[in-house]
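Participant: I'd like to ask you about the structure that follows.
Only the coordinates and a few stated rules stand behind these numbers; no lab work does. What you see is a predicted model, and the numbers here were worked out from it, not measured in a lab. Virtual Cβ from ideal backbone geometry, glycine too; neighbours counted across all protein chains shown.
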Amino acid sequence: QAAGFAAPASDSWTLPMEFAGWTARMRTPALRADAVRDVLAHAAQEARQHFDVKPDGSFRLDVAWLQARPRA
């Protein structure tokens with residue numbers, strides 16, 4: 001709103017990210033996928049809890065949708 005837009009609608013949710021499917025879609029080399037899985041597994045407990053990190057590396061992302069239009 002401070003930028004001159006009206007935001008008449010918004011929504012937020014979490015998006016489940018299945019680790020094996022995600023890294024396959026991104027064509028992540030196995031060594032890099034292992035590194036990402038290790039980072040997720042050793043992240044601070046607060047981060048692991050927030051992102052709902054699972055033992056297989058799967059997690060949830062925060063997502064938002066905003067509809068904005070110029071203020072009349």
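Participant: Per the helix-only calculation at 222 nm, which mean residue ellipticity applies to the chain, given -39500 (n - 2.57) for every DSSP H run of n ≥ 4 and division by its residues, nearest 500 deg cm²/dmol?
Facilitator: Numbers: 3 runs with 25 residues, N = 72.
So the helix-based figure for the chain works out to -9500 deg cm²/dmol.
Participant: Can you tell me the length gained on complete extension of the stretch residue 67 to residue 2, counting 0.36 nm per residue apart and subtracting the Cα distance?
Facilitator: 21.9 nm
Participant: Okay, next question. Give the residue list of trypsin sites (Lys or Arg not before Pro) in segment 1-34 that are DSSP loop and have at most 16 other beta-carbon atoms within 10 angstrom. The partial results should precede the final answer.
Facilitator: Values: sites: 25, 27, 32; in loops: 27.
When the trypsin sites (Lys or Arg not before Pro) of segment 1-34 are filtered for loop state and at most 16 Cβ neighbours within 10 Å, 27 remain.
Participant: Follow-up. Can you give the direction-averaged projected area of the convex hull of the alpha-carbon atoms in the chain, in nm²?
Facilitator: On the way: hull surface 26.9 nm².
Over all viewing directions, the chain projects a mean Cα-hull area of 6.7 nm².
Participant: Which percent, to the nearest 5, of DSSP beta bridges fully inside the chain are antiparallel? All intermediate terms of the calculation are to be shown ahead of the outcome.
Facilitator: Numbers: 11 of 11 bridges.
So the antiparallel bridges in the chain amount to around 100 percent.
Participant: Nearest 10 degrees, 0 to 90: what angle lies between the long axis of helix 30-41 and the longest principal axis of the chain (Cα atoms)?
Facilitator: Helix 30-41 sits roughly 70 degrees off the main axis of the chain.
Participant: Quick one: 39, 53, fewest Cβ neighbours within 10 Å first, how do they rank?
Facilitator: Details: 39 11, 53 20.
Taking fewest neighbouring Cβ atoms as first place, the list is 39, 53.
Participant: Now a separate question. What FRET efficiency comes out for residue 41 versus residue 11 if R0 is 35 angstrom and r is the Cβ-Cβ distance? Round to the nearest 0.05. Can you show the working numbers first?
Facilitator: On the way: r = 31 Å, r/R0 = 0.88.
E(calc), rounded to 0.05, equals 0.70.
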